[in-house]
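The block underneath contains the structure these notes are about, expressed in structure tokens.
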Amino acid sequence: MIKDSRHIALNVLVSWHKANHTLDKSLKKHAEAISLLSKNDTRLCNALIFGVLRQRNSIDRIIRAFSITRLEKIDIKSLYLLRIALFQIVYMDRIPAFAAINTAVDIAKKLSGKKAAGFINAVLRNAANNFLKIPLPDIKADKSKFICVKYSLPLWLSKKWISAFGFKKTDLLCRQINTIPHITLRANTLKTNRQSLAARLSQTVKDLQLTSYATQGISFSNPGVPIQEFETFKLGFFQVQDEAAQVVTQLLAPKPFEKILDACAGLGGKTGHIAQLMENKGILVATDVESKKLESLQSDAKRLGIDIIRAKTINLLKTSIKDFEFYFDRVLLDAPCTGLGVLRRNPDTKWKRSKNDIARLAGKQKKMLNAAANLVKPGGILVFAVCSCEREENEEIIHKFLDKRKDFSIDKDFESGNYTGIMNREGFLKTYPAPNNMDGFFAARLKRKYKP
């Protein structure tokens, strides 16, 4: 079993590159190898993986400047070795350039032979001495290209965001996206409260803060051990969940003894929160197309002390009220989306998304929203949410839905709490990595009328 952090990082990145799946799945595939690393080497391994994906465009610009072989012609293993080494040289001040170069060359020799090792050695030594001489694109001549290179954003997305948000907001947004986010969790009020949990956590973490909008949220950095090893985690005192995702469930505002549907439950972050707000009383149906996710959801529910969840593997687009015993008081649809609002946590997403994905997923979201709406009782609440800041997946979905479904309207008449700065005039929840320092989310709370 490989026990070198750089070699494991290489394997994870190559595995991710070749497969049509998320970075999380590649990390799970190599979880055993990562688990054998020391704490410091585990941190380094993760820093290299996420760092390379955050800064890929900027790193590739350096490779292009100093490689005699076109980047597209470099074999994948050599390319990622170059990216890993250059990330260390350019972005990590604790690792000497010679150490990063020597390690990359040694790995190349073992994997690809002397020729590949010689090529990598030449590119890295030249780059290490001269990369600071490469100028950024002229901001006045091409703002999109400047953002693309400076913050390592795909050019199509750079153009789109500047058009949607303007240059200054895009610059701020991209700067924040490339930072390492704090860990945020939600206190499980079925077993504890936020103040007590915060007091216990303060002994082992740094920069602990209570979230402003999420009433049970706690954020922090630098945990001494993996979250799953916390005694408070094992006792079911919390779930890891970003503040924006917590606010979405607060917008749903579930109550005890209601019948509630989490229509795309996934691994159950919001499901657990719903059950918590229901005080574990009532009926909570959690559905998803992937049965393995629901198995994890049920396992986590036991840890949290939740027993009201009914998990059901089902495709929302193929359902009707006949698949359930009743209409629901509240339905949450956390719809499949591009995930462009969570690039801080999932930097791999920006390299596997395209402009076409936005239109494709928006089309699916419209159908899913209509299907979910059919399951809401008259007078009931429907919350639509996506972890994307793209208008095509946000306001446009709701406006088109309301144009067709006269039996629904935007519901602004509820106890919203203090959502100043994240709730707009239309009554839509909109959060961003900057300036809100949370994931990018959109949510709309809709109410079904008693008479259309």
Scanning the range 302-320 residue by residue, the ones that are exposed (fewer than 13 other Cβ atoms within 10 Å of the Cβ) and assigned to a helix (DSSP H, G or I) total 3
If you scan the range 137-152, which residues turn out to be farther than 12 Å from residue 58 by Cβ and either in contact (Cβ under 8 Å) with a residue 12 or more places away in the chain or of a type in the set (S, T, N, Q) (or both)? 143, 144, 145
Kindly establish whether residue 400 is assigned by TED's automatic domain parsing to the domain that holds residue 250, basic (Lys, Arg) and farther than 17 Å from residue 332 by Cβ. yes
Please specify each residue of the range 175-202 satisfying the condition of being out of contact with any helix residue (DSSP H, G or I) (no Cβ under 6 Å at 6 or more places or on another chain), under 17 Å from residue 341 (Cβ atoms) and surrounded by 15 or more Cβ atoms within 10 Å (Cβ to Cβ). 176, 177, 181, 182
Pair list, Cβ < 7 Å and 6+ apart or interchain, from the range 153-180 residues that are more than 24 Å from residue 50 (Cα to Cα) to residues that are surrounded by fewer than 18 Cβ atoms within 10 Å (Cβ to Cβ) and at pLDDT 95 or above: 164/391
Give the range 377-388 a look and list any residue that's of a type in the set (A, V, I, L, M) and under 15 Å from residue 255 (Cβ atoms), or say none. 381, 383
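Please specify each residue of the range 1-46 satisfying the condition of being of a type in the set (A, V, I, L, M, F, W, C) and outside any helix (DSSP H, G or I). Lay out the reasoning, then the answer.
Filtering the range 1-46 down to residues of a type in the set (A, V, I, L, M, F, W, C) leaves 1-2, 8-10, 12-14, 16, 19, 23, 27, 31, 33-34, 36-37, 44-45.
Passing the criteria: 1, 2, 19, 36, 37.
Name the single residue that is nearest to residue 339 (Cα to Cα) among those in the range 18-38 being under 18 Å from the mean Cα position of the chain (by Cα) and surrounded by 15 or more Cβ atoms within 10 Å (Cβ to Cβ).
Step one: list which residues in the range 18-38 are under 18 Å from the mean Cα position of the chain (by Cα), which gives 20-28.
Still in the list and also surrounded by 15 or more Cβ atoms within 10 Å (Cβ to Cβ): 22-23, 26-27.
Working: 22: 11, 23: 13, 26: 18, 27: 18 Å.
Going through the qualifying residues, I end up with 22.
Which of the following residues is outside the structural domain of residue 233 (by TED's automatic domain parsing) and over 24 Å from residue 214 (Cα atoms): 274, 314, 309? Give the derivation first.
Working: 274 fails: over 24 Å from residue 214 (Cα atoms); 309 fails: over 24 Å from residue 214 (Cα atoms).
Answer to the selection: 314.
Return the total of residues in the range 339-368 being polar (S, T, N, Q) and in contact with a strand residue (DSSP E or B) (Cβ under 8 Å, 6 or more places away or on another chain).
Narrowing the range 339-368 to residues polar (S, T, N, Q): 346, 349, 354, 356, 365.
Right, trim to in contact with a strand residue (DSSP E or B) (Cβ under 8 Å, 6 or more places away or on another chain) and you get 365.
Residues that pass the stated criteria total 1.
Hey, among 334, 323, which residue is under 15 Å from residue 369 (Cα atoms), charged (D, E, K, R) and touching a Lys or Arg at 6+ places or on another chain (Cβ under 9 Å)? Give the derivation first.
Working: 323 fails: under 15 Å from residue 369 (Cα atoms).
After applying the criteria, what remains is 334.
Test residue 441 against the criterion of being touching a helix residue (DSSP H, G or I) at 6+ places or on another chain (Cβ under 7 Å) and over 21 Å from residue 176 (Cβ atoms), and give yes or no. Write out each step before concluding.
Working: touching a helix residue (DSSP H, G or I) at 6+ places or on another chain (Cβ under 7 Å): yes; over 21 Å from residue 176 (Cβ atoms): no.
So residue 441 fails the test.
The values are calculated or read from the model by the stated rules, or taken from the named source; none is laboratory data. Quantities reported herein were computed from a predicted structural model and do not represent experimental measurements. Cβ atoms come from the backbone with ideal geometry, glycine included; neighbour counts cover every protein chain shown.
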